[in-house]
Amino acid sequence: MTFRRWLVLGVVAVTAPFGDTLLSIGMTRVGPVSLHHLSTLIYALKTPQILFGIALLICFFSSYLASLSWADLTFVLPASSIGNVIVALLARFWKHEHISPTRWLGILLITAAVGFVARGPSYTEVPHPHESTELEPEVEPR
Amino acid sequence: MNFFTLHRGWADAAMIGAIVAFATVGDVMIASAMRSIGDLDDIRAHRGLIGAILAVLGSPRFLLGVSFMALSFFSLLFALSHADLSLVAPASASLTFVTNAIAAKFFLHENVDHRRWIAAVLVCAGVALMAM
């Protein structure tokens, strides 16, 4: 793993929680969506917070795709979960929000998880990449 | 009173279940597509950014995965308008880590060793604790 690839994982980590938070703020402004008026979800796209949230999620998605082309799904997901910790630490030291001991424990667990996967291999090497990447299990030749 | 207020617990569980199921199928399809396409850095070096984008968009498996991710996204928007963010976001996020680890092992044949299982469970628990 090069520094550039860790940087891409960093973008994956940061843009996802910030994008989700903006979507939440936007949907709170839109209000409850009824099953009978699902078209409201389309009108929700005009809300600035939702648009900015979607822009951040597009950044997340392109970085996520790039990372999945050179790393395993089970490596990328835990490694990029450090974004939750970054958001919590920003809330604590920038917005001076209170963080309960339970949340500190959650931060500790996620940080430990990132440490676990970061020390292991990032990609499962397979002998025949184009054959073994199929969703169907490989069948041994008789 | 509608269904969502009468059966709050079941409705929340169903909405979270839908988000997790769609996200897991989408993640596995997309990861499988990206693996078969190859290293995007190499493709971009040889064929440029447009070539890399076309390589991704030309994969039917990727497009199917994106469709499932879109279903998950709209399920999330729908759920956020009925349930609290502090419940829906961490519950769906934490459960997705475990379901993805299981799906990656069986469908992507990834080497999910004890290190990655522990990481998936720690993140799942950590995300849940941070929401409390």
Original post:
How many residues does region A:81-110 contain that are of a type in the set (F, W, Y) and at pLDDT 85 or above?
Top reply: 1
Subject >> Which numbered condition A:Y64 misses (of (1) of a type outside the set (A, V, I, L, M, F, W, C); (2) modelled with pLDDT of 85 or more; (3) touching a Leu at 6+ places or on another chain (Cβ under 6 Å)) >> reply: (3)
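Test A:A44 against the stated conditions and say whether it is crowded, with 18+ Cβ neighbours inside 10 Å, under 19 Å from B:S72 (Cβ atoms) and at pLDDT 80 or above. Don't jump to the end; show me each part of the working.
Details: crowded, with 18+ Cβ neighbours inside 10 Å: yes; under 19 Å from B:S72 (Cβ atoms): yes; at pLDDT 80 or above: yes.
It is true that A:A44 is crowded, with 18+ Cβ neighbours inside 10 Å, under 19 Å from B:S72 (Cβ atoms) and at pLDDT 80 or above.
Taking the residues in region A:14-30 that are polar (S, T, N, Q) and buried (at least 20 other Cβ atoms within 10 Å of the Cβ) as candidates, determine which candidate is modelled with the lowest pLDDT. Show your work before the answer.
Step one: list which residues in region A:14-30 are polar (S, T, N, Q), which gives A:15, A:21, A:24, A:28.
The next check asks that each one be buried (at least 20 other Cβ atoms within 10 Å of the Cβ); those that pass are A:15, A:24.
On the way: A:T15: 91, A:S24: 78.
Applying the filter and picking the extreme gives A:S24.
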Original post:
Does B:A13 satisfy being out of contact with any Lys or Arg (no Cβ under 9 Å at 6 or more places or on another chain), under 27 Å from A:L45 (Cβ atoms) and not charged (D, E, K, R)?
Top reply: no
Original post:
Could you list, in sequence order, the residues of region B:73-89 that are surrounded by 21 or more Cβ atoms within 10 Å (Cβ to Cβ) and under 13 Å from the mean Cα position of the chain (by Cα)?
Top reply: B:S75, B:L76, B:A89
Original post:
What pairs come up if the first residue lies in region A:113-124 and is in contact (Cβ under 8 Å) with a residue 60 or more places away in the chain and farther than 16 Å from A:T2 by Cβ, the second is surrounded by 16 or more Cβ atoms within 10 Å (Cβ to Cβ) and among the charged types (D, E, K, R), and their beta carbons are under 6 Å apart, counting only those six or more places apart or on different chains?
Top reply: none
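Looking at region B:89-112, which of its residues are under 23 Å from A:L35 (Cβ atoms) and more than 9 Å from chain A (Cβ to nearest Cβ)?
Narrowing region B:89-112 to residues under 23 Å from A:L35 (Cβ atoms): B:89, B:91-92.
Residues satisfying the conditions are B:A91, B:S92.
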Original post:
What is the one condition in (1) within 9 Å of chain B (Cβ to nearest Cβ); (2) among the β-branched types (V, I, T); (3) surrounded by fewer than 22 Cβ atoms within 10 Å (Cβ to Cβ); (4) assigned to a helix (DSSP H, G or I) that A:V33 does not satisfy?
Top reply: (4)
Subject >> region B:29-49, subset more than 17 Å from A:I58 (Cβ to Cβ) and among the aliphatic types (A, V, I, L, M), residue surrounded by the fewest Cβ atoms within 10 Å (Cβ to Cβ) >> reply: B:A45
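The values are calculated or read from the model by the stated rules, or taken from the named source; none is laboratory data. Please read all numbers here as calculations on a predicted model, not as lab measurements. Quick reminder, even Gly has a Cβ in these numbers, built from the backbone with ideal geometry, and neighbours come from all protein chains shown.
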